[in-house]
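Participant: Quick one: this structure, given as structure tokens, is what I'll be asking you about.
The values are calculated or read from the model by the stated rules, or taken from the named source; none is laboratory data. Note that the structure is a prediction, hence the values are computed from the model and not measured. Don't worry about glycine lacking a Cβ; one is built from the backbone with ideal geometry, like all the others, and counts go over all protein chains shown.
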Amino acid sequence: MKVILLKDIKGKGKKDAILDVSDGYANNYLIKNGLAVQYSKRSKEILDQEIDVREKEEQKLINEYNEIKRKLNDKIIEFKVKTGKEDKVFGTISSKQISDKLKEMGYKIDKKNIKINDAISSLGIAKVEVELHREVKFNLNIKLVK
């Protein structure tokens, strides 16, 4: 029996895959548990429509992220920090602090999307990578001042 997977199934396939499985497995497990639907012309049409809608939403999201990238790419974000002797900075700047600063500026970027390679713990400018989507990545400059 041919089925269309509604969810990823380990060892069988990913969501939206069309598989040929035994009737018993399809009826007693996949369809019964809502993991798949029986393949037909109508179910194939519905699948194609859903994939098309998802691709359009994905493209719309990518366009929004590209607009954010255009505005923020290589922009300098300044943090005032306390320093000790010989201009040693107390602590480091975290992705949470960068995310909060971006929120103040009107950009909602989650801290998980901000990648800090080297600790930002000295005066001057440091680069961090922001990955909004697997296709949309850019750099921010973080500047620490007294």
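Participant: Being farther than 17 Å from V128 by Cβ, in contact (Cβ under 8 Å) with a residue 40 or more places away in the chain and either surrounded by fewer than 17 Cβ atoms within 10 Å (Cβ to Cβ) or touching a strand residue (DSSP E or B) at 6+ places or on another chain (Cβ under 6 Å) (or both) is the requirement here; does K88 meet it? Let's see the steps before the verdict.
Facilitator: Values: farther than 17 Å from V128 by Cβ: yes; in contact (Cβ under 8 Å) with a residue 40 or more places away in the chain: no; either surrounded by fewer than 17 Cβ atoms within 10 Å (Cβ to Cβ) or touching a strand residue (DSSP E or B) at 6+ places or on another chain (Cβ under 6 Å) (or both): yes.
Here the answer is no, as K88 does not meet what is asked.
Participant: What is the residue count in region 9-35 for residues that are of a type in the set (K, R) and within 24 Å of the chain's Cα centre (by Cα)?
Facilitator: Final tally of qualifying residues: 3.
Participant: So, one more: Given L6, L19, L61, which one is outside the structural domain of K127 (by TED's automatic domain parsing), surrounded by 13 or more Cβ atoms within 10 Å (Cβ to Cβ) and within 30 Å of G106 (Cα to Cα)? Write out each step before concluding.
Facilitator: Working: L6 fails: within 30 Å of G106 (Cα to Cα); L19 fails: within 30 Å of G106 (Cα to Cα).
The match here is L61.
Participant: Still on this structure: Please find, within region 127-146, the residue that is modelled with the lowest pLDDT out of those that are more than 17 Å from N63 (Cα to Cα) and of a type in the set (D, E, K, R).
Facilitator: The first filter runs over region 127-146 and keeps only residues more than 17 Å from N63 (Cα to Cα), leaving 127-129, 139-146.
Going one step further and asking which of them are of a type in the set (D, E, K, R), we end up with 127, 129, 143, 146.
On the way: K127: 90, E129: 91, K143: 89, K146: 83.
For region 127-146, the residue satisfying everything is K146.
Participant: Another question, then. How many residues does region 104-126 hold that are part of a strand (DSSP E or B) and either under 28 Å from E58 (Cβ atoms) or among the small types (G, A, S) (or both)?
Facilitator: Pass one, region 104-126, residues part of a strand (DSSP E or B): 114-115, 120, 124-126.
Of the ones still in play, those that are also either under 28 Å from E58 (Cβ atoms) or among the small types (G, A, S) (or both) are 114-115, 124, 126.
Number satisfying all stated conditions: 4.
Participant: Check off (1) assigned by TED's automatic domain parsing to the domain that holds G11; (2) within 22 Å of the chain's Cα centre (by Cα); (3) of a type outside the set (F, W, Y) for Q38 and give me the number that stays unchecked.
Facilitator: For Q38, the failing item is (2).
Participant: Collect the residues in region 118-146 that are closer than 26 Å to F90 by Cβ and among the basic types (K, R), keeping them in residue-number order. Walk me through how you get there before you give the answer.
Facilitator: Taking region 118-146 first, the residues closer than 26 Å to F90 by Cβ are 118-130, 139-146.
Residues satisfying the conditions are K127, K143, K146.
Participant: Considering K101, K96, which residue is in contact (Cβ under 8 Å) with a residue 24 or more places away in the chain and assigned to a helix (DSSP H, G or I)? It would help to see each step written out before you state the result.
Facilitator: Values: K96 fails: in contact (Cβ under 8 Å) with a residue 24 or more places away in the chain.
None of the other options fit; the residue is K101.
Every residue, every condition in (1) among the aliphatic types (A, V, I, L, M); (2) out of contact with any Lys or Arg (no Cβ under 9 Å at 6 or more places or on another chain); (3) under 14 Å from K2 (Cα atoms), yes or no:
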site	(1), (2), (3)
V21	yes, no, yes
A26	yes, no, yes
L30	yes, no, yes
G34	no, no, no
E45	no, yes, no
D52	no, yes, no
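Participant: Scan I116, I109, I98 and give me the residue that is over 20 Å from E67 (Cα atoms) and surrounded by 15 or more Cβ atoms within 10 Å (Cβ to Cβ). I'd like the intermediate steps shown before the answer.
Facilitator: Values: I109 fails: over 20 Å from E67 (Cα atoms); I98 fails: over 20 Å from E67 (Cα atoms).
Of the residues listed, the single one that is over 20 Å from E67 (Cα atoms) and surrounded by 15 or more Cβ atoms within 10 Å (Cβ to Cβ) is I116.
Participant: Right, here's the next one. How about region 65-74: which of its residues are of a type in the set (D, E) and either at pLDDT 95 or above or under 11 Å from Y107 (Cβ atoms) (or both)? Don't jump to the end; show me each part of the working.
Facilitator: First pass over region 65-74, keeping only residues of a type in the set (D, E): 67, 74.
Residue satisfying the conditions is E67 alone.
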